[in-house]
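One structure is given here, and the rest of the page talks about it.
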Amino acid sequence: MKILVVNCGSSSLKYQFINMDGEKVIASGIAERIGIQGGMLTHKVPGKDKKQFSRELKDHSEAFKLLMEVLIDPEYGVIKSMDEIDAVGHRVLHGGSKYSESILIDENVKKAIEECIPLGPLHNPANLMGINACEEVLKGVAQVAVFDTAFHQTMPPEAYLYAIPYEYYEKYKIRKYGFHGTSHKYVSARAAEILNNDKLKIITCHLGNGSSISAVKDGKCIETSMGLTPLDGLIMGTRSGSLDPAVVKFLVDNENMSVDEVDTMLNKKSGVLGISGLSSDFRDLEQAAEEGNERAQLALNAFYYRVAYTIGAYTAVLGGADLIVFTAGVGENSSQARENIVNRLGYMGIKIDAEANDMRGEEKVISTPDSLVKVMVIPTNEELVIARDTQRLAFSK
Ligand code: AMP
């Protein structure tokens, strides 16, 4: 069985085509600049050179049609006909409080994704465009929606309610939702599998360009750091994370900025980019800091501090912690970030094994045997979770 996993952004369409017999990626890539000049699809097949296809892509439907052409291309393709695509799984940003699980897409699900557009104004419209494009091109093929918010739906009200008048929760469903749910779910489930124990208090740290932390008890999420939108919580590549809400009014009053401009600044010009004034990329910052750039070091320190601070809070929420898991671009690859975060947690009896930590992208325990809390690195695999959910929902009767 072959499953296509699709992740649509406002002007992009990322894909992975997975053979579920052996769970192997057959092809992957990205169509970019959809709706703007210079459309381009980059296609990768394991073991071969990547191939780029330039074509103006008016909308997601055109991008999807190009993807189909590439997949069945006699030279660069991986299948003979579109009939070999058994089902499609879509990453969908916001499912509001309606969906705590992945679901087979029908007209009602599409309507619900549309109703969540005010909660995910940048992503949900793109996700819907991807679903409609796929419906048009692959008529009759089962499609499944996998929500970034679903795993966090088990949070109790005391964790997800904001302390603003309750009527805004009732009227608009303004509350904490959390994101990166597929990743937190995958790494916490994988940790339970590796340790052969599903009764664990786990703190999962998804640290990448976007970053979030979750507290997971016995496989269920009880707290997470992103909120109504993915702007809240940790310091990220370009996002501020948590700050005093009064900062917005201060900037509107004193910088002659509109609320929209402040919102863009908080999403695109803040985080480690904002503090360093240099880059949102952790590799750049680590190198610059090593060469003596103090602002790069300050940005990294602020990032490590906020992660350690949140782990401390989540240890309280969980009533202790058995395991801390690092994942995503920074969590999987930066031994320096892991070391600097874990070294701030010595009071919990955590000890990092410097030798074990000196690696990238491996599934591995990096704490010492006598550490009171285990620390692991588990590379995330959101596409595989989407493909597995798609297979389960599309083919179970
Ligand atoms: P993601 O959003 O999960 O793809 O993560 C992207 C982030 O991971 C970027 O800031 C990269 O700089 C960072 N990253 C990737 N590889 C490394 C590495 N070897 N060391 C430090 N940071 C890395």
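General observations
- Of the residues making up segment 310-350, those that are assigned to a helix (DSSP H, G or I), more than 16 Å from the ligand (Cβ to nearest atom) and not small (Gly, Ala, Ser) are Thr310, Ile311, Tyr314, Thr315, Val317, Leu318, Asn343, Arg344, Leu345, Tyr347, Met348.
- Selection within segment 365-383 - more than 15 Å from the ligand (Cβ to nearest atom) and either touching a residue at least 60 places away in the same chain (Cβ under 8 Å) or in a strand (DSSP E or B) (or both): Val365, Ser367, Lys374, Val375, Met376
- Qualifying residue in segment 189-196 (condition: at positive phi, touching a residue at least 60 places away in the same chain (Cβ under 8 Å) and not hydrophobic (A, V, I, L, M, F, W, C)): no
- Listed conditions (1) modelled with pLDDT under 95; (2) within 16 Å of the ligand (Cβ to nearest atom) are all met by Phe395, apart from (2).
- Scanning segment 112-139 for residues that are among the charged types (D, E, K, R) and either open to solvent by less than 10 Å² (accessible area, probe 1.4 Å) or within 21 Å of Arg175 (Cα to Cα) (or both) yields Glu114, Glu115.
- Of all the listed residues (Leu285, Leu298), the sole one being of a type outside the set (Gly, Ala, Ser), part of a helix (DSSP H, G or I) and surrounded by 23 or more Cβ atoms within 10 Å (Cβ to Cβ) is Leu285.
- Under the condition of being in a loop (DSSP other than H, G, I, E, B) and either in contact with a Cys (Cβ under 7 Å, 6 or more places away or on another chain) or surrounded by 16 or more Cβ atoms within 10 Å (Cβ to Cβ) (or both), the residues counted in segment 140-168 number 4.
- Close pairs (8 angstrom Cβ cut-off, 6 or more residues apart or separate chains): open to solvent by 10 Å² or more (accessible area, probe 1.4 Å) in segment 199-221, within 12 Å of the ligand (Cβ to nearest atom) and hydroxyl-bearing (Ser, Thr, Tyr) anywhere: His206/Ser183; His206/Ser212; His206/Thr327; His206/Thr380; Asn209/Thr238; Asn209/Ser280
The values are calculated or read from the model by the stated rules, or taken from the named source; none is laboratory data. Owing to the predicted nature of the structure, the values given are computational and were not obtained by experimental measurement. Using ideal geometry, Cβ is built from the backbone for each residue, glycine included, and neighbour counts are taken over all protein chains shown. Surface areas here come from the heavy atoms of the whole protein model, side chains and all, with no ligands, DNA or RNA. Shrake-Rupley method; radii C 1.70, N 1.55, O 1.52, S 1.80 Å.
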